[in-house]
Amino acid sequence: MHEVLGACPLDCPDGCSWVVTVDDDGEAINLKGNRAHPFTAGALCAKVNGYLEHTKAPDRLLYPLKRVGAKGEGRFERISWDEALTTIAAKLQYVKDTYGGEAIWPFQGTGTLGYVQGLEGRAGQRLWNVLGASRHDMTACSVAGRQGATYVTGTAAGMDPETFAESKLILLWGTNTLTSGHHLWKFILKARKRGAHIVAIDPIRTRTAAQADEHLAPLPGTDAALALGLLNVIVSMGAEDRDYLDSNTVGWPEFKERILAFPPSKAAEITGIDEATIVALGERIATTRPTGIRCTMGMQRHAGGGNAMRLLYALPGVTGDWQYPGGGASYSTSGRFMPDLVSTYRDDLLQQPVRTLSMTQLGHTLLRADDPPVKALVIYGANPMSSNPDQHRVREGLQREDLFTVVIEQFPTDTVDYADIVLPATMQTEHLDVNDGYGHMYIHLNRPATAPPGECLSGTETFRRLAKAMGLEEPSLYDDDETLARTLLGDADFERLYETGWMRLDYQTPYVPFTEGFPTPSGKLEFYSESARDAGHDPLPGYVAPVRAETDDAHPLALIAPASHWFLNSMFANKPDLMKKAGGPRIELHPDDARARGLQTGDTATVFNARGSFEAAVEISDRVRPGVIASTKGYWLKHIRGGANVNATVEERDADMAGGAIFHDNRVEVERVRVADDDPGRLGQAEPVVASR
Ligand SMILES: Nc1nc2c(c(=O)[nH]1)N[C@H]1C(S)=C(S)[C@@H](COP(=O)(O)OP(=O)(O)OC[C@H]3O[C@@H](n4cnc5c(=O)[nH]c(N)nc54)[C@H](O)[C@@H]3O)O[C@H]1N2
Ligand SMILES: Nc1nc2c(c(=O)[nH]1)N[C@H]1C(S)=C(S)[C@@H](COP(=O)(O)OP(=O)(O)OC[C@H]3O[C@@H](n4cnc5c(=O)[nH]c(N)nc54)[C@H](O)[C@@H]3O)O[C@H]1N2
Ligand code: SF4
Ligand SMILES: [Mo]
């Protein structure tokens, strides 16, 4: 029996350090959170506690497959790795020769964030560069907010999250801490013990909002207006930090003018929050140092998401909070770890510039007449059938008979059903990787604890073998995983992490950013940003309204579907115990909206707009305000009634910055459907409703 140190690979801010116990037969028999790790502190989460069980699940993909049924049908036949690789190599070569390398689209999602196997290191990029494939722009998650924050402070990395323990006022703004990254909570509780006041700002009374001292529920997509209203209160009181503004910021006179033109009454009208509540919170911020804002991806999945985040990063510039431990704003610490990514990606292998394709425009891109058209799609770490917007367009695109699709996967997802060839991938306990966490300041080495089951191969090994099958000679395509990890970390840190599993990044404790200036063009915090102006944006942060705020009378309800407590995006939505805990798809709506539509708790409803519809169980609830309905993301289509999830209604449209997706900027109508009493789907949905967010 021995222990192997590793790390959770999932797209979650907490980046946990874990310890795997392996028995004398080499089987992993226990996996638990690392007690020595300051952020993990011995705990994993509801999803990953059963990770080992998931690696051994009966539906795990173990062998290469080729499709024998129609696209989407899900009928496959086992083939050898040789046949799979020969087929793929020949097809990619043909596509490259006939249409050019850009007709190949490597479509990488967030299944693993690892620097060797996953998204952070853009696994496979060397191969795609040699082939001259189109570049994949990962727009599904965080880019709009990242861009907005970066215009202000030069980075989105913000506060060291552990310093929230020092805050006297904490704003949990568009973030569901207890569900989407609960390890931060212990630092928030520490602050509360020292007298901090905790405010949640979220259209839904989530399990996090329910634990806060105060909850403000703005209408979705109106946070920028709220921020401007709060700033107006602060500035009207003369509570701005003039010394800080003078020495550390640019554009204050112009920004101040904009703030003064935005009275709390206007913020109240746009956000639907009482003016008095806005004034009271503004006064509280004005008089409480340090104020820390935890603002993650939820609130930037809107038409104005980039600008909203920009304002939240600007706010602590006005109050001077950036100078204190526990003050400032925290979006994502991604970027604090600065490995040598250039030598990982090897963009120098590209022979000519290539186009970039947006992840969240998959459907439209596959269906439009591009030159060259996309002819080969290699999907890995992604499940676009479940997670992408405009599901019906995605399905139509993946159904194209002239499209060759490879899916590298661990489980038979809805996306797998559209593959020509399926390749079985290892899971985190079976391969080497380097992982950080975008909600803390640590780095980890994940050592393989056990041999892969069946014929599963790591992504990196798959790309090496594919390169060989294509006869490619570039030597760096054949670097092994340890070489890749050493390139990222340097030999000294690699050796150290091999022993310890984790270490703090090279920042002092507590770390207060920007004490030596801001990594912006001016070296200061930029309220006025010439970079933003040059990119075609308003040089000052402002309010950008949601897409159909007042115009779509036929679909008046604003639908948001954020993280489920039991799934990680669409991962674990095939794990029986977690499926049971989650229950089926559900919408929560306010009693007034339910009454107007004759809906009752337990009814099955269809939720629809012009793009599509999905079915969900109704729960009448005061956790949402009138006009807003709440659901969750992640369901597999094949496991739910109707074969569509919330993303059938979400628009493929870009936010104001960086091509970010607008999952929470959505308008729908809801109608009761009659379901026969003996319909098994009905029983699935009528599971007792667990407090699930
Ligand atoms: N359990 C679990 N954890 C996860 C994930 C998961 O699927 N399940 N997903 C992971 C991933 S990929 C990510 S990116 C992160 C995301 O985690 P979060 O950043 O927390 O993002 P969301 O869950 O999309 O939304 C968070 C909250 O924002 C609220 N919100 C939506 N629109 C608005 C708005 O206009 N204004 C305000 N103020 N609030 C709004 C939602 O109601 C929700 O409660 O979590 C990660 N962690
Ligand atoms: N309605 C709505 N939709 C959303 C969101 C929302 O808030 N609301 N959130 C969006 C967000 S934040 C994100 S990040 C995206 C996520 O969208 P995706 O990136 O598509 O994430 P998943 O759907 O979880 O699919 C990841 C797949 O990768 C597989 N996988 C895991 N590890 C590995 C590996 O090591 N190798 C390989 N080859 N495969 C692996 C998993 O089995 C899983 O099927 O979804 C977005 N979709
Ligand atoms: S999903 Fe997040 S909280 Fe859960 S184990 Fe992984 S990193 Fe930790
Ligand atoms: Mo995400």
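So here's what we get for this one:
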quantity	calculated
Cα-centred dipole magnitude for the range 550-675, charges only on beta-carbon of K, R (+1) and D, E (-1), debye, nearest 20	720
Gained length - Thr509 relative to Glu275, 0.36 nm times residue gap less alpha-carbon distance	80.3 nm
Ellipsoid semi-axes in whole angstrom, largest first, where each is sqrt(5λ) of the Cα gyration tensor of the range 336-462	29, 21, 15
Prolate/oblate/rounded call for the range 550-675, Cα gyration tensor, a/c under 1.5 rounded	oblate
Cα-based Rg / Dmax (Å) for the chain	24.7, 72
Positive-end residue, the range 550-675 charge dipole about Cα centroid, Cβ charges, pick of Ala558, Leu568, Gly660	Leu568
Rounded to whole Hz, the Karplus (6.51, -1.76, 1.60) HN-Hα couplings of the range 185-199, x for glycine and proline	4, 5, 6, 5, 5, 4, 4, 4, 4, 8, x, 6, 9, 10, 10
Shape box of the range 492-593 [Cα atoms, principal axes, largest first, Å]	55, 47, 24
Mean projected area in nm² (Cα convex hull; one quarter of hull surface) for the range 108-214	8.7
For the range 418-493 versus the range 561-591, the gap between their alpha-carbon centres in whole angstrom	30
Cβ-isolated cysteines (cut-off 4.7 Å), the chain	Cys12, Cys45, Cys141, Cys295, Cys456
Backbone HN-Hα couplings from phi across the range 449-459 [Karplus 6.51/-1.76/1.60, Hz, Gly and Pro as x]	9, 8, 6, x, x, x, 10, 5, 10, 5, x
Distance between the range 223-241 and the range 137-201 - C-alpha centres, whole angstrom	20
Chain lengthening between Glu254 and Leu189 when straightened (0.36 nm per residue, less Cα-Cα)	19.6 nm
For Lys56, Lys524, order by how many other beta-carbon atoms lie within 10 Å, fewest first	Lys56, Lys524
Under-5 Å amide H pairs with Glu409, H placed in peptide plane, nonlocal only	Leu423, Ala425
Beta bridges per DSSP with both ends in the chain, % antiparallel, nearest 5	45
DSSP loop GluC sites (Glu not before Pro) with at most 12 other Cβ within 10 Å excluded, longest remaining stretch of the chain	74-400
Over 29 Å (Cα to Cα) - which of Lys186/Lys633; Lys190/Lys633; Lys266/Lys633; Lys66/Lys468 fall in this group	Lys190/Lys633; Lys266/Lys633
Ranked list, fewest to most other Cβ atoms within 10 Å of each Cβ, for Val670, Val378	Val670, Val378
Helix-derived mean residue ellipticity, 222 nm - over the chain, DSSP H n ≥ 4, -39500 (n - 2.57), to 500	-8000 deg cm²/dmol
Neighbourhood net charge (12 Å Cβ-Cβ; Lys/Arg +1, Asp/Glu -1) for Leu169	+1
Distant-in-sequence amide H partners of Thr139 (H built 1.01 Å from N, under 5 Å)	Met359, Thr360
Packing rank of 108-115, 329-336, 33-40, 64-71, where each peptide gets the mean count of other beta carbons within 10 Å, highest leading	108-115, 329-336, 33-40, 64-71
Potential extension, Asp347-Glu499 segment - 0.36 nm per residue separation minus Cα distance	51.5 nm
Other-chain or far-sequence residues with amide H under 5 Å of Leu377's (modelled H)	Trp105, Phe404, Thr405, Val406
Cα centroid of the range 24-74 to Cα centroid of the range 338-384, whole Å	28
Label-point separation in nm, Thr601 to Glu530, each point 7 Å along Cα→Cβ	5.9
The range 180-273: relative contact order in percent, alpha carbon pairs under 8 Å with at least 6 residues between	28
Spin-label pair Thr287/His2, simplified geometry with 7 Å Cα→Cβ offset, distance in nm	6.2
Trypsin sites (Lys or Arg not before Pro) within the range 74-124: DSSP coil, no more than 11 neighbouring Cβ in 10 Å	Arg75
From phi via Karplus (6.51, -1.76, 1.60), per-residue ³J(HN,Hα) for the range 615-624 in Hz, x at Gly/Pro	9, 8, 7, 8, 10, 7, 7, 8, 6, 10
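Only the coordinates and a few stated rules stand behind these numbers; no lab work does. Computed from a predicted structure; not experimentally measured. Cβ sites come from the backbone with ideal geometry, for glycine too, and all protein chains shown count toward neighbours.
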